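Student: Structure incoming, see below.
The values are calculated or read from the model by the stated rules, or taken from the named source; none is laboratory data. Note that the structure is predicted; figures quoted are calculated from it, not measured. Glycine gets a Cβ as well: all are built from the backbone with ideal geometry, and neighbour counts include every protein chain shown.
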Amino acid sequence: MNKLFEDKLASDFSRLRDEERQAAPSYRNISRASSGSLPRRGVWRPASLALVVSVILITAIILMSPISFERTDDFASNQGDDFLDLETMLVKEMPTDFLLETLWYQLADMSPEISTPEFNYDVPLYEYPEDQSHEL
Amino acid sequence: MAETQVELLPSVDQISRTLSRSEIELLLEQYHQDSFTWALACCRRNFDLAQDILQMSYVKILDGSAQFEARSSFRTWLFGVIRRTAVQTMRNLVVREKLLRTLFIRRNEPVNPEPPASLEYSLKSEKLVRALLKLSTKQCAVLQLVFYHDMTIEEAALVMKISLGSARTHYARGKKNLAERLKDRNNE
């Protein structure tokens, strides 16, 4: 039974093989497509090399350039005490001050300052009876 | 023509560790039909996918990503490369499809995937193919290698990178299951 089944299976597979082999695309078609896709890898290699070289060049340019890139906290400490003088800062005119020169801004500037009203409420004082519970 | 090609081919014993590109191409051409049918079996008889898998395998071999080191026959090694490529491709396809379904397809939306392109088989062959598709991947692969490609179980184990014992088990169970499936088909 087993041998019979194996023989039958072998003949069925052989038929299937013949049918599938007939439908196989030619080697040339597939190998041509394969060799056509080979340069893909070749394109990535110079691209990645160019990326690495450009990163190295940019780093070198930044490090070698005469402009010194100081940190902001170093910069603040080097300026001395005058730099943080509040009066000087207030006197200085900001370059964006002209934006405030509008009609509404002038009107707001002209209006009198409203003072905070004083509320003097007299809170009535009540006399609380003395607690005498401990004497009971 | 075929005979002269075979004569030109180096035997396995003569093959050194480094094969020239022309020698590899000659061997690939010789085993092309076998390779295609094996690729077809590896991707559940999907004709278009089989061509893609075979092409990717050739690219791997020709650009040197997969190198033949003469530890087995060229055909066994070639089948191994095709199988590995097929497994990777199928896995990628499954992940991509799951991701697309999760991200872009609403749950209540009916999904009607197009059936994969397949060959036109005769009635008997179609019965066999349908029965084979119902087996597990490994059982189907072992039976295909043994009955279809006339390999020994040892060679099949090498192609599939499994132990000889596992290959024997898959072979025995596959044969039993296939007999049952074919019997069911005959009864229908």
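Student: Kindly establish whether B:Met56 is at the interface with another protein chain (Cβ under 10 Å from one of its Cβ atoms) and either in contact with a Pro (Cβ under 8 Å, 6 or more places away or on another chain) or not β-branched (Val, Ile, Thr) (or both).
Tutor: yes
Student: Would you mind stating whether B:Leu135 is modelled with pLDDT of 90 or more and part of a loop (DSSP other than H, G, I, E, B)?
Tutor: yes
Student: Quick one: which helices (runs of 4 or more DSSP H) lie wholly within segment A:19-132 and hold at least 1 residues that are β-branched (Val, Ile, Thr) and at pLDDT 75 or above?
Tutor: By residue number, A:27-37, A:39-64.
Results for (1) modelled with pLDDT of 90 or more; (2) exposed (fewer than 12 other Cβ atoms within 10 Å of the Cβ); (3) not in a helix (DSSP H, G or I), shown as yes or no for each residue.
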position	(1), (2), (3)
B:Glu29	yes, no, no
B:Asp34	yes, no, no
B:Ala41	yes, no, no
B:Gln51	yes, no, no
B:Ala70	no, no, yes
B:Lys98	no, yes, no
